[in-house]
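This report refers to the structure that appears directly beneath it.
No value in this document is a laboratory result; all are computed from the given coordinates. Nothing here was measured: the structure is a model prediction, and the numbers come from that model. Cβ placement follows ideal geometry from the backbone for every residue including glycine, while neighbour counts extend to all protein chains displayed.
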Amino acid sequence: MAGKLSAFFGAQDMTVGNPATNLIRFSTPLLIGNLAQQLYSTVDSIVVGNYVGDSALAAIGASGPIINLLLVLFMGVSVGASIMASQYFGAKDKKRLSHSVGTAITATFAVSIFVMVVGPLITHPIMSALQTPQDIYTMACDYLIIIFLGILGRRILQHYFRHSARPRRFRHAAHFPARGMRHEHWSGYLVCRGL
């Protein structure tokens, strides 16, 4: 059973086999991930609404547009990187595949650090510009600051778990096509090795 799941969620060559089957196998983990994201938000709302109160739930709702903006930013980077990696993977160009994956990982970490540092500094002006009601203003700002400060850790964990689910032979293949490790692959190496 574990072998079938590992094969299902592992690396797939979409240029071989039935296109419909490949698309279903490719889209299923994406659908599961989107469902998990929605459940995360739903559970967050249920727990906060029942145990913290209505004001806290309103604060989370008020910070929603900023969080959605961050999600769209990271999804855009991810889609762009996936397009590049898919083209190089399909062309069996391991050198460029390795370079694009390493660059994407490094860019994700750089943007995460930028958001982590700048986000808390601009939280209050952003929430003021959004005309957040005063009774939830402090809670909304605190919630956003926590989100901003945790963004790098979340990216590291997502990357680690995404790669640790793959069979060992695929886990590092994209990062090390040659004997030497190039400078753009250091972050992928650290994350895949568990820091």
Additional length obtainable on full extension of the chain from Gln87 to Leu71, 0.36 nm per residue less Cα span
3.3 nm
Could you work out how far apart the two model spin labels at Ala110 and Thr21 are, taking each label as a point 7 Å from the Cα in the direction of the beta carbon, and quote it in nm?
4.2 nm
HN-Hα couplings for region 60-75 via Karplus (6.51, -1.76, 1.60; θ = phi - 60°), in whole Hz with x for Gly/Pro, come out as 5, x, 5, 8, x, x, 5, 5, 4, 4, 5, 4, 5, 4, 5, 5
I want the local charge near Ala62. Using Cβ-Cβ distances under 12 Å, sum +1 for each Lys or Arg and -1 for each Asp or Glu among the other residues.
-2
Place a point 7 Å from Cα of Ser78 in the direction of its Cβ. Which residues in region 107-123 have their backbone N less than 12 Å from it?
none
Given R₀ = 35 Å, what would the calculated FRET efficiency be for Thr138 paired with Leu35, taking r from the Cβ atoms and rounding to 0.05?
0.60
